[in-house]
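Below is one structure, written out as structure tokens; the observations come after it.
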Amino acid sequence: MGLCIRDAARSDLERLEELEQQCFSVPWTREQLESQLPDARHVFLAAEEDGRLLGYVGMMTVLDEGYISNVAVAPEARRRGIARALVSALLSRAEELSLSFVTLEVREHNEPAIALYAGQGFAPVGLRKNYYDSPKENAILMTRYLK
């Protein structure tokens, strides 16, 4: 069975919370994750393989703008193209929603993530000083224009 990209659901919250704990030094709470589930302002996609949720990507929309909140892939499933598939599916959804652009922040020393986003057509457009904690680090603001 192959990788399936689908809308995240309330029933995924326990696994999403586990992924947060595994992937981020300052993980989101269950309540924060729940607030991102798909609705009129949020796209939240999950990557599932053989019944196991391996990653997710979330985006909030405001008017015709998209803001990616998080991209996470289970450590044991990395380097298999799952993040690329998630971001690609998210960009397809952004085009369906007629968004003008999608933007995100990434740690300035997270070279694999920067390469992933650049490969999906995102380009650096700014810097947010001391944006991240644990450890304190700047964020590169990257945007992909769709129109």
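Just so it is clear, none of the values below were taken in a lab; they were calculated from the coordinates. Everything numeric here is computed off the predicted structure, so don't read it as measured data. Cβ placement follows ideal geometry from the backbone for every residue including glycine, while neighbour counts extend to all protein chains displayed.
If a residue counts only when it is out of contact with any His (no Cβ under 7 Å at 6 or more places or on another chain) and surrounded by 17 or more Cβ atoms within 10 Å (Cβ to Cβ), which strands (runs of 3 or more DSSP E) contained entirely in region 2-115 have at least 2 such residues?
42-49, 52-62, 65-73, 101-107
Under 6 Å between Cβ atoms, which residue pairs at least 6 apart in sequence (or on different chains) link something in region 132-146 that is assigned to a strand (DSSP E or B) with a partner that is surrounded by fewer than 17 Cβ atoms within 10 Å (Cβ to Cβ) and small (Gly, Ala, Ser)?
Every condition considered, the pairs that remain are 141/126; 144/121.
Please count how many residues of region 122-136 are surrounded by 15 or more Cβ atoms within 10 Å (Cβ to Cβ) and over 15 Å from the mean Cα position of the chain (by Cα).
Of region 122-136, the ones surrounded by 15 or more Cβ atoms within 10 Å (Cβ to Cβ) are 122, 131-132.
After this cut, where a residue has to be over 15 Å from the mean Cα position of the chain (by Cα) as well, the list is 131-132.
Going through region 122-136 one residue at a time, the tally reaches 2.
Given 87, 57, 125, which one is among the aliphatic types (A, V, I, L, M) and without any contact (Cβ under 8 Å) to a residue 24 or more places away in the chain?
125
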